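> Sharing a structure, written as structure tokens. Questions coming.
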Amino acid sequence: MGASLSLVPLLDYFARREFAAAGLSPGAVTLPYPGDGGEATCTVHYWASTGEPLLPPLLLVHGFGPRATWQWRCQVGPLSRHFHLIVPDLIGFGGSSFGGDSAASPPSEATQAAALAALLDALPGMKGRRVAVAGTSYGGFVAYWLARTAGAGRVGPVVIASSDLLKTAADDRGFLKRAGDGWSGVEEVLLPAEPAAMRKLLEMASCRPPPPVLMPDFILRDFIQKLFTENREQLIQLFKGITVGTDKFPVTPISQEVLIVWGEQDQLFPVEKAYAVQSSLDGKARVEIISKTGHAPQLEDPTRFNKILLDFLLATHKPDPSSNGASQ
């Protein structure tokens, strides 16, 4: 009987309700698959504030794991009062897909960033509009790539949350040491296929993980099946192919104002990496550490996280004077 119980649809319902209550509506666009050079396409699913933007646009980019609605559900309400929100599922996650029957390669950060730029141009009133961007975890890699390649004329202030842009093989070895014995690779934990791996991910990602009695195997298997099984092999390739911070795309300073937010107890990307990223950006980025949180401070302490974001964005991301209805 327990095997028939699924919490995923219930949690998905509540996350979607938060988005709808904040005035966001779902949509999807089909775009040429960036960099393919052939006939491959991708479908990008998103939630966005309705109508053309009357407030400064803000793009929220999620990380590995559940779809965007789960990862930003605690932010859309407060942020929607001040910004026109665009919250996509990255290609290969949630409702976004690519390739169809073609042989298109799994998306890189460059592919993801190009798809987001194309999405922005496809939305009502957004073509050419300057947009702020906030990315969490893997989404921070994509946000940095987008900001650097699109430039300050297109992308304004940047928020990098819990995102080790300088991740190296040594960091992966440190991760496995923190995880304990029995893991063959980082992706075995970050993209779990078994309850033990899912339990370990929750333990490492959260400052206060659920107690074991609330994480029986049948519930964890259900989460794995519904959240991690589809496209798992493609996502493993995506994870292993990260180029930001490597010789292919080293982290260098960008002209935009940058905020770095980190959970003090993050065991996936330890808090000292926040300062390493700051240093790689010429030491000019503002760093905020949120105590008693792990890898997802936006979920573990949303009140503090939202205040930090709003303080930064309201000071740095002003309405575009060329747009209609730009006043707040």
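The values are calculated or read from the model by the stated rules, or taken from the named source; none is laboratory data. Predicted, not measured: the structure shown is a model, and the values here were computed from it. Neighbour counts are summed over all protein chains in view; Cβ atoms, including those assigned to glycine, are modelled from backbone coordinates with ideal geometry. Areas reflect the complete protein model, heavy atoms only, side chains present, ligands, DNA and RNA absent. Shrake-Rupley method; radii C 1.70, N 1.55, O 1.52, S 1.80 Å.
> Identify the residue in the stretch 91-114 that is at pLDDT below 95, aliphatic (A, V, I, L, M) and open to solvent by less than 40 Å² (accessible area, probe 1.4 Å) and, among all such residues, is nearest to the chain's Cα centre (by Cα).
Looking at the filtered set, the residue picked out is Ile91.
> In the list Leu227, Leu220, which residue meets the criterion of being in the same structural domain as Ala179 (by the TED database), touching a helix residue (DSSP H, G or I) at 6+ places or on another chain (Cβ under 6 Å), aliphatic (A, V, I, L, M) and buried (at least 19 other Cβ atoms within 10 Å of the Cβ)?
Being in the same structural domain as Ala179 (by the TED database), touching a helix residue (DSSP H, G or I) at 6+ places or on another chain (Cβ under 6 Å), aliphatic (A, V, I, L, M) and buried (at least 19 other Cβ atoms within 10 Å of the Cβ) holds for just one of Leu227, Leu220, which is Leu220.
> Considering each of Ile290, Ile260 in turn, give the residue that is within 20 Å of Thr168 (Cα to Cα) and in the same structural domain as Ala161 (by the TED database). Spell out how you get there, then give the answer.
On the way: Ile290 fails: within 20 Å of Thr168 (Cα to Cα).
Just one listed residue meets the conditions, Ile260.
> OK, next. Would you check which residues across the stretch 247-278 are free of Cβ contacts under 8 Å to residues at least 12 places away in the same chain and in a loop (DSSP other than H, G, I, E, B) and list them? Explain how you work it out, then say what you get.
Residues of the stretch 247-278 free of Cβ contacts under 8 Å to residues at least 12 places away in the same chain: 247-248, 250, 272.
Asp247, Lys248, Pro250, listed by residue number.
> Going by what's in this entry, would Gly241 be described as open to solvent by less than 60 Å² (accessible area, probe 1.4 Å) and touching a Cys at 6+ places or on another chain (Cβ under 8 Å)? Working first, answer last.
Details: open to solvent by less than 60 Å² (accessible area, probe 1.4 Å): yes; touching a Cys at 6+ places or on another chain (Cβ under 8 Å): no.
Against the criterion (open to solvent by less than 60 Å² (accessible area, probe 1.4 Å) and touching a Cys at 6+ places or on another chain (Cβ under 8 Å)), Gly241 does not qualify.
> Being of a type in the set (A, V, I, L, M, F, W, C), in contact (Cβ under 8 Å) with a residue 60 or more places away in the chain and closer than 19 Å to His295 by Cβ is the filter here, so list the residues in the stretch 203-227 that pass it. Talk me through it step by step, then tell me what you get.
Of all residues in the stretch 203-227, those of a type in the set (A, V, I, L, M, F, W, C) come to 204-205, 207, 213-215, 218-220, 223-224, 227.
Subset that is in contact (Cβ under 8 Å) with a residue 60 or more places away in the chain: 204-205, 207, 218-219, 223, 227.
Met204, Ala205, Cys207, Phe223, Leu227 - these are the residues of the stretch 203-227 that are of a type in the set (A, V, I, L, M, F, W, C), in contact (Cβ under 8 Å) with a residue 60 or more places away in the chain and closer than 19 Å to His295 by Cβ.
> Considering (1) outside the structural domain of Pro32 (by the TED database); (2) within 20 Å of Leu79 (Cβ to Cβ); (3) of a type in the set (Val, Ile, Thr), say which one Val186 fails and leave the rest.
Val186 satisfies every listed condition except (2).
> May I ask you to say which residue of Leu268, Leu235, Leu214 is in contact with a Pro (Cβ under 9 Å, 6 or more places away or on another chain) and not acidic (Asp, Glu)? Spell out the reasoning first.
Details: Leu268 fails: in contact with a Pro (Cβ under 9 Å, 6 or more places away or on another chain); Leu214 fails: in contact with a Pro (Cβ under 9 Å, 6 or more places away or on another chain).
Just a single option satisfies the conditions, and that option is Leu235.
> Please go through (1) surrounded by fewer than 17 Cβ atoms within 10 Å (Cβ to Cβ); (2) without any contact (Cβ under 8 Å) to a residue 24 or more places away in the chain; (3) touching a Pro at 6+ places or on another chain (Cβ under 8 Å) for Gly174 and return the number of the only condition it doesn't satisfy.
Of everything listed in (1) surrounded by fewer than 17 Cβ atoms within 10 Å (Cβ to Cβ); (2) without any contact (Cβ under 8 Å) to a residue 24 or more places away in the chain; (3) touching a Pro at 6+ places or on another chain (Cβ under 8 Å), Gly174 misses just condition (2).
> Could you tell me which of the residues Ile224, Ile242 is part of a loop (DSSP other than H, G, I, E, B) and out of contact with any strand residue (DSSP E or B) (no Cβ under 7 Å at 6 or more places or on another chain)?
On the way: Ile224 fails: part of a loop (DSSP other than H, G, I, E, B).
Exactly one of Ile224, Ile242 is part of a loop (DSSP other than H, G, I, E, B) and out of contact with any strand residue (DSSP E or B) (no Cβ under 7 Å at 6 or more places or on another chain), namely Ile242.
> Is it true that Lys200 is among the basic types (Lys, Arg) and in the same structural domain as Gln112 (by the TED database)? Steps first, please.
Values: among the basic types (Lys, Arg): yes; in the same structural domain as Gln112 (by the TED database): no.
Considered against the rule, which asks whether it is among the basic types (Lys, Arg) and in the same structural domain as Gln112 (by the TED database), Lys200 comes out as no.
> Here's a follow-up. Can you name the residue in the stretch 279-300 that is farther than 19 Å from His62 by Cα and assigned to a loop (DSSP other than H, G, I, E, B) and is also most open to solvent (accessible area, probe 1.4 Å) among such residues?
Among those residues, the one meeting the criterion is Lys284.
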